[in-house]
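Remarks on the structure that follows.
The values are calculated or read from the model by the stated rules, or taken from the named source; none is laboratory data. Small disclaimer: the values here were computed from a predicted structure and weren't measured. When we count neighbours, we look across all protein chains shown, and the Cβ atoms used for this are built from the backbone with ideal geometry, even at glycine.
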Amino acid sequence: MLEGLPQSCPQLPVRSAISEHLNAFYQARQFQPAWTSRSLLEGLLQQLAQLADDGLDPAYYQPERIREQLYPVASSPRRPECDDLLASQAYLQALHHLARGRLRQADIEPIWRSPDAPEADDRQRLLQIAVQGLADLPGAFDRARPPHALYRDLRAAYARQRQAALPAWRPLPSGPTLRPGMRDERSPLLRELLLAGAGSAPALDLRYDDELVEAVRGFQLQHGLEADGVVGAATLAALNVSPASRLDQLRINLERLRWISRDLEPQSLLVDIAGARLIYFRDSCPFWQTRTQVGREARQTPPLKSRISRLTLNPTWTVPPTILKQDKLPLIREDIAYLARHQMRVIDAQGNAVDPYAVDWANPRGILLRQDAGPANPLGQVAIRFANPFSVYLHDTPSKPLFERAARAVSSGCVRVESALQLVDLLLEADERDTVARLLQSGETHEYRLARQTPILMAYWTADADDSGLPRYRPDIYKRDAALLRALDAAR
């Protein structure tokens, strides 16, 4: 029996973050040793090695020092209680990293949470997994991993890419935009990159032919680009990301999906910021999704977790101060008739009408711009609201053609939803639908408080995989990947 936890084990690395869990683990076992057989230690080493498929570094968990317990050297005295602690620390640390992430999200990519949507406390669940998992180590590691298909599919894609030999790769030289039917000296290299062994064209064929155009379109779809078959600046930049860098991109997004999983409740909305889409989860599975438009780089959509509490039906739009200053004032100064053309009224802080011709537009003070409800209103027929300090929300939009673009980081921070009324239907209880339909039909502005508050998680990740294991990459629209990669590499 271990009488409490030994305080002087020289081979035990000092990791204070796990000490509380280590003590709870042994307390649950009445301080009995955990690693009492060779098969247990071998099973632990096998599971630690498989962490590489999760984008984690097995060496961090000191497998070599654990392996020494299997092959002790007579001249090297050992303390059994310290050996047991070393294995347990590696075990618990691995389970926590799988469930929570290798890094603290708050230190790298913080997320705002509303008071009614706090961070999940999974300590008891992980303790139970650890204690019971000694009888089934593969099961324990699997239960600690995020349960969602998002993580499972990306892990499978990363494992396959990691275990395969990195393909031969050379960057494609810059040059004029490459369009279908052109001849270009880069075509052979492009064919080599995208059709290695699959094409029938001669190796020195300069034609940008139909076969190669289709390969480029497939590449563009996989990388979140406009699938037009034209090799312009964005496609060239994506082609010139090395396979090793793409592997890193998958690895850092496994870390992000570990963070996301902690906040993703069984029934919730997940706004995929970089992918410009919204996914409705029911019973922890994707049930419905739609395209979105999100904030451009200068006005980013913030990561947050909250609860959807109300709808604004037939909303008016009060122009936010930043948009008023940066976007609207230059247009109004150029032509004051802009206000009438866009059905905008000038009001004071109390909502009283102000004559636009009485305003000093060179330095306006104490005024707001409000656009009435209607077909031209930027919020469309509905705004979907939730507590947050950023004044962001989901909303309908008349800007439907923008949903056809691959690059949809075009808003001022709020999230425009393509199928907003279908989303509203998912948020309503059955007995609310007739009331909401009647209020929408009235054309008047109404605030409607929802009977059921659905959790919403707005998160940022730049790679995932489809259910066939094909990786899907997105442009890093907010340029966050490099910092996360540096932090993960430094933590190895």
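Observations on the model:
- The requirement of being assigned by TED's automatic domain parsing to the domain that holds PHE386 and either within 23 Å of GLN381 (Cα to Cα) or touching a strand residue (DSSP E or B) at 6+ places or on another chain (Cβ under 6 Å) (or both) is satisfied by PRO321.
- Residues (touching a residue at least 12 places away in the same chain (Cβ under 8 Å), of a type in the set (D, E, K, R) and more than 22 Å from GLN381 (Cα to Cα)) located in segment 329-361: ARG333, ASP348
- The set of residues in segment 35-65 that are loosely packed, with under 15 Cβ neighbours inside 10 Å, among the acidic types (Asp, Glu) and within 20 Å of ASP136 (Cβ to Cβ) contains only GLU42.
- Of all residues in segment 445-492, those that are surrounded by fewer than 20 Cβ atoms within 10 Å (Cβ to Cβ), among the small types (Gly, Ala, Ser) and in contact with a strand residue (DSSP E or B) (Cβ under 7 Å, 6 or more places away or on another chain) total 0.
- Residues in segment 95-108 that are small (Gly, Ala, Ser) and either free of Cβ contacts under 8 Å to residues at least 60 places away in the same chain or assigned to a helix (DSSP H, G or I) (or both): ALA99, ALA106.
- Taking segment 348-368 as the range and being within 18 Å of PRO315 (Cα to Cα) and surrounded by 15 or more Cβ atoms within 10 Å (Cβ to Cβ) as the test, only LEU368 passes.
- Scanning segment 380-418 for residues that are under 13 Å from THR292 (Cα atoms) and more than 23 Å from the chain's Cα centre (by Cα) yields THR397, PRO398, SER399, LYS400, PRO401.
- Subset tally (residues that are in a helix (DSSP H, G or I) and either under 14 Å from LEU257 (Cα atoms) or among the charged types (D, E, K, R) (or both)) for segment 109-154: 11
- Selected residue (criterion: surrounded by the fewest Cβ atoms within 10 Å (Cβ to Cβ)) from residues of segment 155-178 that are part of a loop (DSSP other than H, G, I, E, B) and either touching a Phe, Trp or Tyr at 6+ places or on another chain (Cβ under 7 Å) or among the hydroxyl-bearing types (Ser, Thr, Tyr) (or both): SER174
- Checked against the criterion of being closer than 23 Å to TYR280 by Cα, in a loop (DSSP other than H, G, I, E, B) and touching a Pro at 6+ places or on another chain (Cβ under 7 Å), segment 371-384 has at least one qualifying residue.
- Qualifying residue in segment 251-260 (condition: surrounded by fewer than 20 Cβ atoms within 10 Å (Cβ to Cβ), among the β-branched types (Val, Ile, Thr) and modelled with pLDDT of 95 or more): no
- Counting only helices (runs of 4 or more DSSP H) that sit completely within segment 393-491, those holding 1 or more residues that are basic (Lys, Arg) correspond to 433-442, 481-490.
- When residues of segment 401-444 are limited to those that are among the polar types (S, T, N, Q) and over 20 Å from GLN267 (Cβ atoms), the one surrounded by the most Cβ atoms within 10 Å (Cβ to Cβ): SER411
- Taking each residue of segment 201-225 that is surrounded by 18 or more Cβ atoms within 10 Å (Cβ to Cβ) and in a helix (DSSP H, G or I) and looking for partners that are modelled with pLDDT under 95 and basic (Lys, Arg) with beta-carbon atoms closer than 8 Å, six or more apart or interchain, yields LEU212/ARG191; ALA215/ARG191.
- Test result for LEU85, of a type outside the set (D, E, K, R), at pLDDT below 95 and crowded, with 18+ Cβ neighbours inside 10 Å: yes
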